[in-house]
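Okay, structure first, notes after.
Quick note: the coordinates plus some simple rules give every number you see, no bench work behind them. All values reported here derive from a predicted model rather than from experimental measurement. All Cβ positions, glycine included, derive from the backbone under ideal geometry; neighbour counts span all protein chains shown.
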Amino acid sequence: MKVILENVSKNFGSIRALKNINFKVDEGEFVFIEGPSGSGKSTLLKLILHQIRPTSGIIIVDGVDYANCHKSKVDRIRKNIGVIFQNYQLISDKSVEENIAINLEIIGLSDYQIDSRIESVLTKVNLLSRRHLFPNQLSGGELQRAALARALAVEPKLILADEPTGNLDIENSWNLIKLLKQINDKQKTTIIMATHNLEIVNSLNKRKIYLKDGEIVKDSKNIHE
């Protein structure tokens, strides 16, 4: 899934969270959005997901201009985006498989398709034996893998990951990154990951966009071109 931002700014009252953001992410790219806390990383991902709207500028995802399209087109795009949050955002009173099933019911899969998809993604993240457990019965690493499984279940064209290793120890952080890299390499899924973990960013030879005070101050793609 291709993502284009042209002169995008976002204000929250008098606060300018993002200022004239311009970049293009091609289908199948793995891009790190890096920068300190408060630099605008999460705001940027919310704009791409269309959770919030820009104050000005154009956002085009999968060929669709968010500002000039019917809601049904935006809904279709969002069904093809998997999201991973730092705080997991799993529903506490539902099991791992029930958390995943909710997203699959939304996109209209049959019960048979849902069962098959759940088994497939939980196997992929090595969590099949935990499928009937609830979030409070899982470790931090298991919670994040469950969140990844939920994102993968919709077979997304794009994954947005917002500080996904922020609550994980070193070992689980690297395990998650390896899974994301495998998904990008094998399935050519576009991945945009916000993080301030420089060790992880520097470990992979992937594009890096650096934000500071809501502005892009460096884009490694431009450096290499």
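What does the helix-only formula give at 222 nm for the chain: each DSSP H stretch with n ≥ 4 adding -39500 (n - 2.57), the total divided by the residues, and the result rounded to the nearest 500 deg cm²/dmol?
-11500 deg cm²/dmol
Note down the net charge around residue 29, summing +1 for each Lys or Arg and -1 for each Asp or Glu among other residues with Cβ under 10 Å from its Cβ.
Cβ neighbours under 10 Å give a net charge of +4.
On C-alpha positions alone, give me the angle between the axis of helix 170-187 and the longest principal axis of the chain, in degrees, nearest 10.
It works out to around 80 degrees.
Semi-axes of segment 85-155's equivalent ellipsoid from the Cα gyration tensor, sqrt of 5 times each eigenvalue, largest first, rounded to whole Å?
Ellipsoid half-lengths, sorted descending, are 18, 12, 11 Å.
Relative contact order for the chain: what is it in percent, counting Cα pairs under 8 Å that are at least 6 residues apart?
30 percent
Could you name the lysines whose alpha carbon sits less than 30 Å from that of residue 71, not counting residues in the same chain fewer than 8 places away?
Reachable lysines: 2, 10, 19, 24, 41, 46, 79, 94, 157, 188.
Specify the residue with the greatest mean-square fluctuation among 195, 55, 165, computed from a Gaussian network of the chain linking alpha-carbon atoms under 10 Å apart.
55
Show me, for segment 57-71, the HN-Hα J-couplings you get by feeding each phi into the Karplus relation (A = 6.51, B = -1.76, C = 1.60, θ = phi - 60°), rounded to Hz, glycine and proline as x.
x, 10, 10, 10, 10, 6, x, 10, 7, 4, 6, 10, 8, 6, 3
Starting from the 7 Å offset along Cα-to-Cβ, what nm value, one decimal, do you get for the label separation of residue 69 and residue 132?
4.2 nm
Expressed as an acute angle from 0 to 90° and rounded to the nearest 10, what is the orientation of the C-alpha long axis of helix 111-124 relative to the principal long axis of the chain?
80 degrees
Restricting the count to DSSP beta bridges whose residues both fall in the chain, what percent are antiparallel, rounded to a multiple of 5?
Restricted to the chain, the bridges split so that about 50 percent are antiparallel.
Work out the length of the dipole vector of segment 85-155 about its Cα centre, built from +1 on the beta-carbon of each Lys and Arg and -1 on the beta-carbon of each Asp and Glu, and round it to the nearest 20 debye.
With Lys and Arg at +1 and Asp and Glu at -1, about 260 debye.
Rank by packing, highest mean first: peptides 167-173, 141-147, with packing defined as the count of other Cβ atoms within 10 Å averaged across residues.
In decreasing order of mean packing, 167-173, 141-147 become 141-147, 167-173.
Which log10 I(q)/I(0) values does segment 33-153 give at q = 0.19 Å⁻¹ under the Debye formula, counting every alpha carbon as one identical point scatterer?
Each listed q corresponds, in turn, to -1.06.
What whole-number distance in Å separates the alpha-carbon centres of segment 64-112 and segment 133-182?
16 Å
Answer with one residue from 5, 89, 120: the one whose Cα lies farthest towards the positive end of the charge dipole of the chain, charges on Cβ with Lys, Arg +1 and Asp, Glu -1.
The Cα lying farthest towards the positive end belongs to 5.
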